[in-house]
């Protein structure tokens with residue numbers, strides 16, 4: 001399994017990205033974490049716009065092994 005490293009997090013912000021690509025990247029981050037949580041900051045029912053914050057801790061030990 002591919003593990004996300006700290007440097008890989010910046011790739012999530014690259015635009016444009018499809019929802020499928022973003023879903024895959026976010027899933028890799030969550031699966032590479034020892035702790036993860038999210039918070040819904042805002043929802044606009046009129047426009048469908050939302051803001052979600054993902055916070056966690058990457059598994060640094062697994063990241064070290066994936067580099068070899």
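Quick one: in the range 31-68, which of the residues that are under 21 Å from residue 10 (Cβ atoms) and part of a loop (DSSP other than H, G, I, E, B) is modelled with the lowest pLDDT? For the range 31-68, the residue satisfying everything is 67. Checking each residue in the range 1-29 for being under 14 Å from residue 55 (Cα atoms) and free of Cβ contacts under 8 Å to residues at least 12 places away in the same chain picks out only 27.
For the range 14-29, a residue qualifies if it is under 12 Å from residue 4 (Cα atoms) and out of contact with any helix residue (DSSP H, G or I) (no Cβ under 9 Å at 6 or more places or on another chain), and the qualifying residues are 24, 27.
Counting only residues that are in contact (Cβ under 8 Å) with a residue 24 or more places away in the chain, in contact with a strand residue (DSSP E or B) (Cβ under 7 Å, 6 or more places away or on another chain) and surrounded by 12 or more Cβ atoms within 10 Å (Cβ to Cβ), the range 30-52 holds 3 of them.
The values are calculated or read from the model by the stated rules, or taken from the named source; none is laboratory data. Model, not experiment: these values are computed from the prediction. In this analysis, Cβ positions are derived from the backbone assuming ideal geometry, glycine residues included, and neighbour counts consider all displayed protein chains.
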